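Novice: Handing you a structure now.
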């Protein structure tokens, strides 16, 4: 799974820490998602979607091997 | 139509039965202490660890130190992180799984190794000794705590 979290974060001009605070997780979680080391739960993905005002599919994209 | 209704009815009774069972299981949620307890746990564990080396074998103080070390590590193990989010829960789960498998593995292999070593080096057959209960608990707790810290470090 690819993600465009870093780009979306840049659009809103947020640091990892600020984004983490807004959706109630730790900075490490945001960092791990951005580096593709952790796949967030549906709840977390929907929280991000609400914050970015975009559908989840816009920033989490399935790859061929998934 | 009637058979569909009776099927549906059957499924719903099954589900409500499962629901009540699920509620009972949910009541036994993993017991966790607040983050502040973690420091207390580390202090107890460290003091007990030092005390282990200062006390004489097979005396009461030594036994107290041994079990205080386990209590300290248990407190560390079940204390929450500052932010207990889904990544931390995931890492915690992985550390418990790893510790369980690894500790059982060592507990099985350790007596075998000491038995073989005795056999080779002293050329006499020792009694096949198992691993004591303290050793297993110490393995489980220390591996879990250390592996959890390692997982947290690589997810910085």
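Novice: Can you tell me which of (1) over 30 Å from residue A:44 (Cα atoms); (2) assigned by TED's automatic domain parsing to the domain that holds residue B:38; (3) within 18 Å of the chain's Cα centre (by Cα) is the one residue B:141 doesn't meet?
Specialist: (2)
Novice: Evaluate the following for residue B:26: is it under 23 Å from residue A:28 (Cβ atoms), more than 18 Å from the chain's Cα centre (by Cα) and without any contact (Cβ under 8 Å) to a residue 60 or more places away in the chain?
Specialist: Considered against the rule, which asks whether it is under 23 Å from residue A:28 (Cβ atoms), more than 18 Å from the chain's Cα centre (by Cα) and without any contact (Cβ under 8 Å) to a residue 60 or more places away in the chain, residue B:26 comes out as no.
Novice: Using the structure shown, decide if residue A:50 is surrounded by fewer than 16 Cβ atoms within 10 Å (Cβ to Cβ) and more than 14 Å from chain B (Cβ to nearest Cβ).
Specialist: It is true that residue A:50 is surrounded by fewer than 16 Cβ atoms within 10 Å (Cβ to Cβ) and more than 14 Å from chain B (Cβ to nearest Cβ).
Novice: Taking region B:86-105 only, how many residues are crowded, with 19+ Cβ neighbours inside 10 Å and within 14 Å of chain A (Cβ to nearest Cβ)?
Specialist: 4
Novice: Consider region A:1-47. How many of its residues are out of contact with any strand residue (DSSP E or B) (no Cβ under 9 Å at 6 or more places or on another chain) and either within 14 Å of chain B (Cβ to nearest Cβ) or not in a loop (DSSP other than H, G, I, E, B) (or both)? First the steps, then the outcome.
Specialist: Step one: filter region A:1-47 for residues out of contact with any strand residue (DSSP E or B) (no Cβ under 9 Å at 6 or more places or on another chain), giving A:6-32, A:35, A:37-38, A:41-44, A:46-47.
Adding the requirement that they be either within 14 Å of chain B (Cβ to nearest Cβ) or not in a loop (DSSP other than H, G, I, E, B) (or both) leaves A:6-11, A:16-32, A:35, A:37-38, A:41-44, A:46-47.
Residues flagged as out of contact with any strand residue (DSSP E or B) (no Cβ under 9 Å at 6 or more places or on another chain) and either within 14 Å of chain B (Cβ to nearest Cβ) or not in a loop (DSSP other than H, G, I, E, B) (or both) within region A:1-47 amount to 32.
Novice: Considering only region B:26-41, state which residues are surrounded by fewer than 16 Cβ atoms within 10 Å (Cβ to Cβ) and part of a helix (DSSP H, G or I).
Specialist: If the condition is that a residue be surrounded by fewer than 16 Cβ atoms within 10 Å (Cβ to Cβ) and part of a helix (DSSP H, G or I), then B:26, B:27, B:36, B:37, B:39, B:40 are the ones that fit.
Novice: Does residue B:58 satisfy the criteria of being exposed (fewer than 10 other Cβ atoms within 10 Å of the Cβ) and not in a helix (DSSP H, G or I)?
Specialist: Yes.
The values are calculated or read from the model by the stated rules, or taken from the named source; none is laboratory data. Only a predicted model underlies this, so the values are computations on that prediction, with no experimental measurement involved. Ideal geometry is used to build each Cβ from the backbone, glycine not excepted, and the neighbour counts take in all protein chains shown.
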